[in-house]
1. Considering all projection directions equally, how large on average is the shadow of the alpha-carbon convex hull of the protein assembly as shown, in square nanometres?
2. What does the charge count around B:Leu49 come to, taking other residues whose C-beta lies under 13 Å from its C-beta (Lys +1, Arg +1, Asp -1, Glu -1)?
3. What's the FRET efficiency of A:Asn111 with A:Asp249 using the Cβ-Cβ distance as r and R₀ = 56 Å, to the nearest 0.05?
4. Compute the signed sum of charges (Lys and Arg +1, Asp and Glu -1) over the other residues within less than 12 Å, Cβ to Cβ, of A:Leu92.
5. Using only atoms on other chains, find how many Cβ atoms lie within 10 Å of each Cβ of peptide A:192-199 and report the average.
6. Order by neighbour count: A:Val226, B:Val42, fewest other Cβ atoms within 10 Å first, most last.
7. Just counting partner chain Cβ atoms within 10 Å, what average do the residues of peptide A:150-157 show around their Cβ?
8. Please say if the stretch B:105-179 is rounded, prolate or oblate, where rounded means a/c under 1.5 for a ≥ b ≥ c the square roots of the C-alpha gyration tensor eigenvalues, and otherwise the choice is prolate for a/b larger than b/c and oblate otherwise?
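Laboratory data are not the source of any read-out in this text; all were calculated from the coordinates shown. None of the values given here were measured: they were computed from a predicted structure. Ideal geometry is used to build each Cβ from the backbone, glycine not excepted, and the neighbour counts take in all protein chains shown.
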Amino acid sequence: MDLGYYPGCSLQQSSSLYDLQNRLIFNNIGINLKEIDDWNCCGATSAGKTDDFLAIAMPARNIGIASAQGIKEMVIPCSACYSRTLVAKNYLESNQEIKTQINSDLARKINGDVKISSILEVLLSALENGSFAEKFTKKLSLLKPVCYYGCMMTRFPFDVPVPDDIENPQGMEKVLDAVGVHAIDWNYKTACCGASAAVNDPETAMNLMAKIMKDAVERGANCMIVTCPMCQLNLDAHQDTFCKQNGIDERMPIFFITEVLGMAMNLGIKELQIDRHFIKGEQLFEELEEK
Amino acid sequence: MEPVLEFEQKEAKALRDEVIERSGQNLSACYQCRRCASACSVGDETGNLTPDRLIRMITTGDMEHALNNELVWKCVSCYACGTRCPNEIQTGRITETLKKMAKEKNLEPLNTKVAHFHHEFFNSGIRWGRVNEMEFMGFYEIKNFIDDIKNKNYNAIIDEIKTQSALAQKMVKQKRLHFGFTSAKGRKEIKKLLKKNTT
């Protein structure tokens, strides 16, 4: 099965490990990721604060490329890119005039429907189709994770169809269940990590991340599982800082869901580049047993 | 009976209408139930300024405070307020709109670093078609340093260099700092769209 793929800027740079992991995992479950040609930045949340028209037009160009390449569904692993692209698609469907205006400047125009999916939607439907479970041969018995979704998987600045429960999403838990990893229930799964505030307003961001960390620790988690590269980098790179500032002694690795799936598929730590974390988590994948 | 609050109806309407139009949020529907206030991620950081208060500032025409306050510049666009709002008012969109209005009026933002960050991130995306993390961070820090020099706040420069170089060192160690350059040919199309929008 072919699926359109939009990696986005972060997956080419600070989170290139996540790009590599996505390609490996999807390939292993028989999904061929087809990266769309000459994609551009989605504008992230910065465009919405700077220029409303470009905040729609930037992801619109990517939808146009996918549409011209005959792609019916495009998966976007980064939450910000996913959110901005999904919002642009739905905005343009209800604002035909702006769609025409943008299309007139695009070489590859938006024409027809391209479904915009998060990796959870793709993984869940692969699960339903049964192309999935037999790939997981290793038991990850040391993991006691909480699943952290952050903001952009369920909350949008425009009315879009949301594929999961807004207040208590379950997509990651369901995928992990299929691998035999049972996540711990907690209160902060859709809280905000502060995103770019970690750079431009660190005091605020560190406070937000400390609240998330405290609940995860109190629930007895030994790792956090995420899908968003921004959340991953923030909670990982700044963990020492916000824990020290807030009297938290514990530390826990922040895993991409693709790392857990990859290890359960018997791929290696080096192959998945799990060794590129600030808070080390390799020890939780030791002594893997056959399922 | 004395009125609790007096305000200029006409000015208030002009401000309210502009924010409604640009944010796409019908803030006239707000009945001050304050579900947004309990949802706000940065509620602990903004003093008493919650989304409902911001909406009231706008509807009463208090332009000066509406454009420059803790909530506008601390809002992290988590969109929790709008998700909980029974009237579907996305205040996250309102703070984004007020940031743009403040810039158009050349107001000095309460937190200049927030404004510089989003401006430079967006500019990098337009300039190259893709955001180059190191490049945009460089421009962002130069803007901060210029502000700090203007304000003779030299310690802030030293602190920022220390913090960012410590982080950069950690990132290099984990191979999370990317030294290559990325761009999209399509940046020409994006620039054309930008020009169309401003003319």
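1. The Cα convex hull of the protein assembly as shown, projected and averaged over all directions, gives 24.1 nm².
2. Once positives and negatives cancel, what remains is -1.
3. Rounded to the nearest 0.05, the efficiency is 0.50.
4. +1
5. Per-residue shielding by partner chains comes out at 6.
6. B:Val42, A:Val226
7. If you average over the peptide's residues, the count of other-chain Cβ atoms is 5.
8. Taking the square roots of the gyration eigenvalues as a ≥ b ≥ c, the stretch B:105-179 is oblate.
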